[in-house]
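Notes follow the structure.
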């Protein structure tokens, strides 16, 4: 059995119920075959892959808090510090009922390579809880966040591990978490990113993942003789990433025709009204059915189906494994030329392979949605300097980072005789930097 298959078998054996983690490891390691086979003796001797797939640290803890009725609730908290070979651990906190060890591990593993691709000195981590902030009062969210941070603070710090927002963790939650950290530690440091602008946050951070997704998508299209201008774009999701991806797509001359949430999806052939979407989701915190009050000519449909609409570019921005093989077949049949992942691993392995086999330009999430963590790292820099850079400066740095990510993954794919395979290119480019750092620092 070859080295990669040995590691895949080991991961499944050691983590039997963590299917998302298995999927993420398989996707990365299969792409790394050309590199691993060229360096197998050295990597085996150093047990490099064994160390790469095992987190440095897994932390799991209870989070008791009191709801508005006086009832004590108990949630589970997680922090997986995966790899800090190139910098302090960095990765978001996801608050969602689906959160479990396997999901946090897959996200932390992916984050290691995503952070490497940014070119910035940050390692990979992820955390969160099975707490659901939806439908909770501000007081309940505050109670939860205070209890969560009362345990989490022991393991994080500006030069140790810097968490950020993620699904369910927005400006409100980051503010509550930061306030509790500051109260416990008595220090004012950049330990969390995604902070409010009045207390150390960075301009562009809110827009960063969506904007970055479009910067990279546009660069990928240009490199292959296309442009985002004039294209019909289908987007899934209606959270932060989807909203600002739609906004930047429109600014670049595209027409966004779909968005979705967990209940259904909107089709607006004249183009999604981003201002209405922002008001519904960011201000009112309502379901997408409200969109019809703003745009009665649009269509709302229950359930799945967002990928059934004819489009040139598809941007899955909701959650993992939302775009299946059947969806990929429909997209290809309808003439889709490019897919870029705004969420983490939203496309199944079978669907990804189908896109690659059918010459659809495909940008994996670890590259395409790296704009969020890149701008988080820029926030860390501003915090260290006690400065706040103007919007234009941060946006310019973000765009350059995304252009460089595309360039690096494109060149890596070409170097390993897989030109145009950006999945392979992103994984190799992200891996090599981490692997070189691990080898240079000895066994730890």
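For this structure, a couple of remarks:
- Residues that are touching a helix residue (DSSP H, G or I) at 6+ places or on another chain (Cβ under 8 Å), at pLDDT 95 or above and over 26 Å from residue 380 (Cβ atoms) occur in the range 102-111; there is at least one.
- Residues being surrounded by fewer than 22 Cβ atoms within 10 Å (Cβ to Cβ) and under 17 Å from residue 82 (Cα atoms) - total across the range 132-153: 0
- Residue satisfying all of: in the range 320-337; more than 19 Å from residue 27 (Cβ to Cβ) and touching a residue at least 24 places away in the same chain (Cβ under 8 Å); surrounded by the fewest Cβ atoms within 10 Å (Cβ to Cβ) among these: 335
- With a requirement of 1 or more residues that are surrounded by fewer than 18 Cβ atoms within 10 Å (Cβ to Cβ), the strands (runs of 3 or more DSSP E) lying completely within the range 33-131 that satisfy it span 57-66, 72-83.
The values are calculated or read from the model by the stated rules, or taken from the named source; none is laboratory data. Owing to the predicted nature of the structure, the values given are computational and were not obtained by experimental measurement. All Cβ positions, glycine included, derive from the backbone under ideal geometry; neighbour counts span all protein chains shown.
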